[in-house]
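The values are calculated or read from the model by the stated rules, or taken from the named source; none is laboratory data. Bear in mind the structure is a predicted one, so any value in this text is a computation, not a measurement. Glycine gets a Cβ as well: all are built from the backbone with ideal geometry, and neighbour counts include every protein chain shown. Only protein heavy atoms, including side chains, enter the accessible area calculation; ligands, DNA and RNA are left aside. Shrake-Rupley method; radii C 1.70, N 1.55, O 1.52, S 1.80 Å.
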Amino acid sequence: MASHTAQITSFIGGRHVPSLTTYDNIDPATNTSIGQVARGSSDEVDQAVTAAVKAQRSWRRTSPEERSRLLVATAALIRADRENLARLESQDTGKPLSQAFADVDVCARYFEFYGHTIESYYGQTIPLGEGMHVYTRREPYGVTGHIVAWNYPLQLVGRAAATSLATGNCAVAKPADETPRSTLRLAELIDQAGFPTGAFNVVTGLGSEAGAALAQHPGIAHLGFVGSTGTGSIIAHAAADRVIPTVLELGGKSANIVFADADIDAAVPSLVRSIIQNAGQTCSAGSRLLVHTGVRDEVLEKMSRAMREVTIGPGLKDPMLGPLVSQKQFERVSGFLDRLDSGEIITGGAAPKAVGTSGTEGGATGAFFSPTIVADVAADSEIWQEEVFGPVVVSRTFETDEEAIADANGTDYGLVSAVWTQNLSRAHRMAAEIEAGQVFVNTYGAGGGVELPFGGFKKSGYGREKSIEAFDEYTQTKTVVVKL
């Protein structure tokens, strides 16, 4: 860890705060400890919320111009610290270094984007009648709480912090147990940029302890969560108990739908990238493949060939595919293949025999899993219905548009889908019928997309992050009626 972030501790009210107990921060490329993380509790959460409440009293009254200036300044500091942040992100998550650099850039972009757009975010006037002046104001909630996943720490906390601060809220974040360091560094940079002390606080620790305390804290006025659908349900219950709004970005089982008239050679690199990016640990990963029977063999053969050429190794070596985030996640992914009750594994399906770029021979010591294709699985099988969260794509075939739509919509999730066809009318029909928050045509957007509203249908969650729409999630409308 860089010298200016020597402690892996909570960051509260502008300073690092240690805890009485700690836990190991594990490098997933080696399954060895790279340091101790403060195991925050309800005490640290209470300190953080108190600091945020104090900061928000003045911050809510600042002008959009002032907020814009500080958000853009934070973006500049993120870019200046790009190398350090990317290395922290790569080592904590296991992702290839080039992907970690991309995450840093996207994080900076969130602060720039919301810094530039907040000055154009207004209420409305309503023509109620002669002698009446009616207008709306968009006002902050107060202190927002953010519990984020381990797969894209900087992106997830960056978009939450930037939106919350831009709209006049202050915030407390609880990063994932496995990946605290880049979030702590971001908190330091936000403080350095000149935000009020306590405007953005980070409590490290376990989800069942610090995360639960944050979700239940009476000083939190709005909750955001990114993670599994099961945990999202618990968060939603905690919010409902206190009648506060939430934004939930949950699981996905997103489908790439390849028609017979698709440009297969153009599609295959994107199909592969959509499932190996971040080792498939992406809620919007292209984890299901629906392919027309007429091109089934061609698509699977070309995808298999491309997957066998994927380089695998520690993230800091910048291969195409790094390890899964933990041994626990490796066991989860392996379990789906061990329990496979339909279909055929046509490539991958287990840990690689060796990790070429790590110098390891005779086997991989980290949480590595080979890119995997399972063809012809049953529509009711576990691996077709449930989120694996690894570099595993499962495939089925279809004959008609109606079959493709039925299969695409045939899970509890609805986050992202893509349609690959040269028929423009079909593309628009499919986009209208698919139950998903984002639909791509002849491309795929797993990750990024700062300007694009992002969120799910069905059990993939509710509310929207990214884009200007996110401002509506972090503000509440006040109507003012004046009789002249």
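Tabulated data for the structure shown
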| quantity | calculated |
| --- | --- |
| Of all accessible heavy-atom area on the range 46-164, the percent that carbon and sulfur account for (1.4 Å) | 51 percent |
| Segment THR62-LEU424, extension gain: residue separation times 0.36 nm, minus the distance between their alpha carbons | 125.6 nm |
| Kirkwood estimate for the range 407-484, i.e. one over the average of 1/r between Cα atoms, Å | 14.5 Å |
| When each of LYS174/LYS328; LYS253/LYS466; LYS302/LYS459; LYS95/LYS328; LYS328/LYS353 is checked by Cα-Cα distance, pairs over 24 Å | LYS302/LYS459 |
| Accessible-area value, LEU324, 1.4 Å probe, nucleic acids and ligands omitted, Å² | 0 Å² |
| As computed over the range 177-224, the Cα convex hull volume per residue (Å³) | 86 Å³ |
| Check: the chain dipole with +1 on Lys, Arg Cβ and -1 on Asp, Glu Cβ, in debye | 1540 debye |
| Protein-only accessible surface order, largest first, of MET132, MET430 at 1.4 Å | MET132, MET430 |
| Diffusion constant of the range 95-212 at 20 °C, which comes from Stokes-Einstein with the Kirkwood Cα-pair radius and 1.002 mPa s, µm²/s | 135 µm²/s |
| Solvent-accessible heavy-atom area per residue, rounded to whole Å², over the chain at 1.4 Å | 39 Å² |
| Per DSSP, loop GluC sites (Glu not before Pro) in the range 220-310 with at most 12 further Cβ within 10 Å | GLU309 |
| Extension gain (nm, one decimal) between THR197 and VAL134, 0.36 nm per residue minus Cα-Cα | 19.1 nm |
| Residue (of GLN385, THR179, ALA436) at the positive-pole extreme of the chain, dipole from beta-carbon charges | THR179 |
| Heavy-atom accessible area ranking, 1.4 Å probe, most first, across HIS116, HIS217 | HIS116, HIS217 |
| Rounded to the nearest 10 Å², the accessible area of SER304 at probe 1.4 Å | 10 Å² |
| Using θ = phi - 60° and Karplus 6.51 cos²θ - 1.76 cosθ + 1.60, couplings along the range 63-69 (whole Hz; Gly, Pro as x) | 7, x, 4, 5, 4, 4, 4 |
| Solvent-accessible ranking of HIS292, HIS222, HIS237, largest area first, probe 1.4 Å | HIS237, HIS292, HIS222 |
| Vicinal HN-Hα couplings computed from phi for the range 326-340 (Karplus, 6.51 cos²θ - 1.76 cosθ + 1.60; Hz; Gly/Pro x) | 6, 5, 4, 5, 4, 5, 5, 5, 4, x, 4, 6, 5, 8, 4 |
| Heavy atoms of GLU451 accessible to a 1.4 Å probe, total area in Å² rounded to 10 | 90 Å² |
| Percent accessible area from carbon and sulfur atoms, the range 376-473, protein chains only, probe 1.4 Å | 48 percent |
| Net length gained if the chain between GLN476 and GLU119 were fully extended (0.36 nm per residue, minus Cα distance) | 126.8 nm |
| Exposed-site-free run, longest, the chain (rule: trypsin sites (Lys or Arg not before Pro); DSSP loop; at most 15 other C-beta within 10 Å) | 62-338 |
| The chain, helix-only ellipticity at 222 nm - DSSP H runs n ≥ 4, -39,500 (n - 2.57), divided by all residues, nearest 500 | -11500 deg cm²/dmol |
| Measure of compaction for the range 388-434 (Cα Rg per 2.2 N^0.38 Å) | 1.23 |
| The chain shape via C-alpha gyration tensor axes, a/c threshold 1.5 | oblate |
